[in-house]
Amino acid sequence: MLAMSIFKSVFKSTIFYIFILNLLVLKPLFKTGVWLSSDLIAHIARLASFYQSLAEGNLIPRWGGNLNFGYGHPVLLFSYPLPNYFGSFFHFLGFSFNESVKLVFIFSYLLAGVFTYLWLKDWLGKYPAILGTILYQFAPYRFVNIYVRAALGEHFAFLFIPLVFWSVYKFSQKIKIKYWVYSVFSLAALILSHNGVIVYTLPVLFAYFVFLFFTSSKSKRKKYLTGIIFYFFAGMCLTTFFWVPLLVEAELYTNSLKFFSGNSYCQTYLSFDRLVFSPWGYGGTATRHEPAGHTTMIGFVHWLVSLLALGYLFKWKRKINPYWIFIFLLIIIFFLSLFFMLRISNFLFPLFAFIFRYAEYASRLLTLPILTTFLIGALLTNFLKGRKQRFFVLFLSFWAVILTTSFWQTVPWDKRRDYTDSYWLHYYTGTTDTGGYNPVWGYFSAPSTTKVLANKGEITNINIKKWHSTLHEYSFKAITKARIVESTAYFPGWRVYVDGQKIPINFQEKDFPGTIIYNVSPGEHKVKTIFGPTRLRLGADIVSLITFVLLLILLIFSKKLRWFKNIKHK
Amino acid sequence: MISYMEAFYQTLSKGYLFPRWASELNNGYGSSILILLPPLRNYLGASIHWLCQISFQTITKILFFNLNLIIFPLCLWLFYKLKHKAKYWFFLLAVFFFTALILNNYPADYFYFVFSFFSFFLWLTQQVKRKLKLALTYLALFISAFSLTAFYWLPATLEAKEIKSFLNNIKQSPITKPSPKVLTALTNTEKVEFIYQHRPPFLWYGYELNLPANTRLQFHVFNYSGWQVFFDSQPVVLEKPDQENKNLITFTSPPTAGYHFLEIVFEKTKVQALADTITFITLGLLISYAGYVYFQKRV
């Protein structure tokens with residue numbers, strides 16, 4: 001009987017059907033192996049390197065020891081870590097690296113649908129939630145992120161966007177500290193999922209804050225505002241371990257300044273026609289004249305709701321309410337994002353270069369039309385009632401889904417059989433990076449013949465005890481005074497201890513640029529090369545840790561805190 | 001007709017919302033005939049082909065009848081309904097069918113139905129009290145439909161002369177073999193080094209070349225004003241199409257020898273860009289108008 005009632009309630013729930021619909025979209029991923037795409041190989045290799053470092057005891061993996069022909073690479077230090085933590089969890093459960101990355105894609109897509117629906121239902125009701133979720137999940141760019149670009153971070157971040165909005169909504173309604181802490185955690189998760197998506201989300205989030213401010217009761221407004229200010233502060237503090245090295249060390253020690261100069265953005269503007277309609281394809285990003293190989297269309301239904309909303313805004317006779325303000329802000333963001341994807345915005349590029357140069361491609365701004373249109377769709381539905389509301393939702397949802405069915409596919413799968421876990425850990429020679437985060441001191445184009453060798457002098461009895469990602473332990477006997485070359489790419493944080501004594505490192509030798517080199521005297525030596533935190537990273541880690549502990553304390557003792565007590569709930 | 005529809009579909013399916021270049025016509029040397037042809041039948045055919053995967057031959061048979069016979073009376077009925085009920089969706093439907101009528105006829109034939117409609121409007125306006133309101137509604141309808149279809153009739157009218165001259169010229173071109181769609185050097189033949197040809201997309205051809213200064217090059221596609229050539233993102237002037245260059249895209253490389261990135265691309269002419277902008281703006285305004293009325297009543 002209980003099973004029957006559970007079955008009945010499941011089949012009656014809308015979320016079940018949304019879940020099934022989302023599952024259909026992901027059908028092409030339920031195969032073994034990997035599909036051909038822009039970045040999938042890089043993400044699997046990065047996950048393997050991340051997992052290896054994590055398994056070695058590095059809670060925050062920052063050095064990909066097996067990457068870069070075995071010389072190691074700091075890509076993990078600068079790339080968003082949260083998708084890799086999730087992938088590592090799946091690998092820990094026994095899935096291969098290939099399958100783990102696929103599971104991250106699958107679960108994040110399914111959960112994004114679930115959370116979007118739950119949040120919108122909580123806020124606006126069932127029908128707005130259905131349309132909002134469909135527009136969020138069935139935007140063409142979402143499928144580009146999965147099947148063409150395999151942009152793990154960008155795709156994964158879509159899981160946390162509804163959570164960020166939901167938790168902020170709950171906080172604005174109840175002004176309870178637990179919701180505030182949840183919202184900080186979800187903001188942190190979004191920051192750690194993809195550094196670009198958080199930047200695109202901010203304008204929409206700001207518009208939502210404004211809306212919630214005006215819709216919350218006057219007695220709560222002051223506390224809401226204070227909470228929101230501290231919310232950002234806490235979210236940033238919680239994630240300092242990621243973004244501080246990214247902003248400071250990447251610019252100081254890698255080629256990122258040169259790489260993210262903004263040239264690629266200016267070379268990849270889209271044409272307006274292609275925002276309206278462009279066919280499904282698997283090519284790369286647009287160049288000066290060549291249209292993008294993949295679709296860059298916003299979606300017909302997404303366009304439709306935006307233009308309908310534009311009409312809604314022209315209601316001069318009525319009083320302007322928070323909904324009007326919110327839609328107005330969303331429409332502004334929508335059209336501005338379109339504008340900045342087009343060549344006509346080039347004259348403004350120098351002003352906004354500090355943001356857009358990191359985007360690399362103009363098409364990355366396609367995230368913004370998704371974030372604005374799904375909210376607009378849900379809000380417009382909310383204005384309708386009864387049969388008209390149901391018709392509006394059914395009609396638009398139907399077309400939003402149907403018109404993307406041809407996008408639910410991958411190109412033929414990669415038939416290479418050597419993509420095993422062992423391949424990713426031991427034979428993959430790349431960096432998973434396109435060059436932006438390569439250390440400035442040197443490039444490596446071939447694997448070294450030995451881990452340790454003497455450039456000058458003579459050494460024997462080389463005995464490698466450990467060669468972990470961040471710890472290399474070995475011993476040798478120097479017959480003469482020797483200059484030792486260790487096959488490790490230098491990066492701030494590497495330290496060499498010879499017989500327990502820290503010694504200076506040279507990494508700018510002409511014959512071995514960017515490689516760790518040090519001098520030893522004759523005799524037997526035990527060497528430990530350790531990749532540890534710099535002062536900056538240590539400081540950032542401490543700030544994150546303290547914030548995390550404080551948030552936990554707040555969560556545990558939330559009921560006893562006075563600040564929130566004098567709010568009267570309806 | 002079948003080959004036009006097929007060519008139309010091919011260009012449309014590559015993301016060109018308003019197909020204007022038929023790449024595979026004329027033995028692969030291409031044609032700008034699509035600019036002149038009324039596109040409604042081709043859009044319908046392309047939609048049916050995409051939805052049902054039916055051959056273009058069958059689709060041409062299905063669409064054998066004159067669509068005007070359906071659209072014209074529908075327009076009249078909607079105009080008549082507007083006289084009694086000035087409902088916004090009647091207005092939008094009327095715009096829709098008027099648009100369909102425009103897209104199903106050559107600009108030269110517009111006079112007939114425009115004259116008929118105008119007479120009909122006059123007759124209807126005479127019968128109501130609020131004459132000005134109805135006249136303005138019909139005027140708005142007229143402007144909307146013509147603005148919405150600007151993407152077709154504006155280039156088809158303003159570029160008609162050029163297209164006819166293009167079609168005449170290519171008739172005289174002694175092209176018998178299918179176009180290889182390749183670039184050949186007419187001068188310095190042995191010194192030109194083709195480093196890399198970019199993947200073959202549609203209506204965009206990219207070459208990385210190492211070549212002497214002022215090399216005369218020819219691309220095996222008929223020259224129409226939409227075609228443009230860029231050396232290192234700088235436009236170059238194309239030779240005027242004539243019998244000597246077989247009406248093919250012919251041009252001379254920059255006066256600096258060495259590595260160059262060459263792009264041959266079919267872009268919108270100024271008239272086409274203006275026409276498309278008018279269409280997009282009108283479409284946006286009409287949808288916004290629907291939103292304005294729809295949500296004005298219910299919010």
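Nothing in this text is a laboratory measurement; each read-out follows from the coordinates by a stated rule. Computed from a predicted model, the values in this text were never measured in an experiment. Neighbour counts are summed over all protein chains in view; Cβ atoms, including those assigned to glycine, are modelled from backbone coordinates with ideal geometry.
Structure values in brief
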{"read-out": "Pairs from A:31/A:121; A:126/A:218; B:181/B:246; A:477/A:502 whose Cα-Cα separation, in the structure shown, is over 23 Å", "value": "A:31/A:121; A:126/A:218"}
{"read-out": "Residues residue A:55 and residue A:300, FRET efficiency given R0 of 51 Å [Cβ-Cβ distance, rounded to 0.05]", "value": "0.60"}
{"read-out": "Label-point separation, residue A:339 to residue A:30 (7 Å along Cα→Cβ), nm", "value": "4.6"}
{"read-out": "Cα-based shape type of region B:211-281, given that a ≥ b ≥ c are square roots of the gyration tensor eigenvalues and the cut on a/c is 1.5", "value": "oblate"}
{"read-out": "Label-point gap, in nm, between residue A:398 and residue B:64 - each point 7 angstrom along Cα→Cβ", "value": "3.2"}
{"read-out": "Residue B:184/residue B:267 FRET efficiency (R0 35 Å; Cβ-Cβ; nearest 0.05)", "value": "0.95"}
{"read-out": "Sequence-separation-based contact order of chain A, relative, with Cα cut under 8 Å and 6+ spacing, percent", "value": "21"}
{"read-out": "Global geometry of the protein assembly as shown, whether rounded, prolate or oblate, following the gyration tensor of its Cα atoms and the 1.5 cut on a/c", "value": "oblate"}
{"read-out": "Chymotrypsin sites (Phe, Trp or Tyr not before Pro) lying in DSSP loop within region A:362-417, provided at most 11 other Cβ fall within 10 Å", "value": "none"}
{"read-out": "Order of A:73, B:198 - criterion: other Cβ atoms within 10 Å of each residue's Cβ, fewest first", "value": "B:198, A:73"}
{"read-out": "Extension gain (nm, one decimal) between residue B:193 and residue B:133, 0.36 nm per residue minus Cα-Cα", "value": "14.7 nm"}
{"read-out": "Dipole moment magnitude, nearest 20 debye, region A:2-414 about Cα centre, only Lys, Arg, Asp, Glu C-beta charged", "value": "2180"}
{"read-out": "Trypsin sites (Lys or Arg not before Pro) within region B:135-213: DSSP coil, no more than 12 neighbouring Cβ in 10 Å", "value": "B:191"}
{"read-out": "Nonlocal amide H pairs with residue A:67, under 5 Å, H built at 1.01 Å", "value": "A:72, A:73"}
{"read-out": "Angle in degrees between helix B:131-148 and the longest Cα principal axis of chain B, rounded to the nearest 10", "value": "20"}
{"read-out": "Proxy reagent accessibility, fewest Cβ within 10 Å first, across A:388, A:222", "value": "A:222, A:388"}
{"read-out": "Angle in degrees between helix A:535-556 and the longest Cα principal axis of chain A, rounded to the nearest 10", "value": "40"}
{"read-out": "By average C-beta atoms within 10 angstrom, highest first, the peptides B:71-81, A:483-493", "value": "A:483-493, B:71-81"}
{"read-out": "Dipole of chain A [Lys/Arg +1, Asp/Glu -1 at C-beta], most positive-end residue of A:440, A:70, A:43", "value": "A:43"}
{"read-out": "Note, ³J(HN,Hα) from phi for region A:206-214, Karplus 6.51, -1.76, 1.60, rounded to Hz, x at Gly and Pro", "value": "4, 4, 5, 4, 4, 4, 5, 4, 6"}
{"read-out": "15 Å Cα-Cα reach of residue A:27 towards aspartates and glutamates, excluding residues that sit fewer than 8 places from it in its own chain", "value": "A:99"}
{"read-out": "Neighbour-limited loop hits for trypsin sites (Lys or Arg not before Pro), region A:308-368 (at most 16 other Cβ within 10 Å; DSSP other than H, G, I, E, B)", "value": "A:315, A:317, A:318, A:319"}
{"read-out": "3J(HN,Hα) from dihedral phi, region B:156-165, Karplus parametrisation 6.51/-1.76/1.60, rounded to Hz, x for glycine, proline", "value": "5, 7, 6, 9, 4, 4, 5, 5, 5, 5"}
{"read-out": "Linear extension gain, residue A:233 paired with residue A:456, 0.36 nm per residue minus alpha-carbon span", "value": "75.0 nm"}
{"read-out": "From phi via Karplus (6.51, -1.76, 1.60), per-residue ³J(HN,Hα) for region A:301-312 in Hz, x at Gly/Pro", "value": "5, 5, 4, 4, 5, 5, 6, 4, 5, 4, x, 4"}
{"read-out": "Distance (nanometres) between label positions extended 7 Å along Cα→Cβ at residue A:418 and residue A:510", "value": "3.6"}
{"read-out": "Ranked by how many other beta carbons lie within 10 Å on average, peptides A:49-61, A:297-309, A:245-257 from highest", "value": "A:297-309, A:49-61, A:245-257"}
{"read-out": "Crossing angle, helix A:386-402 versus chain A [Cα axis fit, 0-90 degrees, rounded to tens]", "value": "40"}
{"read-out": "Interchain or long-range residues, amide H under 5 Å from residue B:223's placed H", "value": "B:248, B:249"}
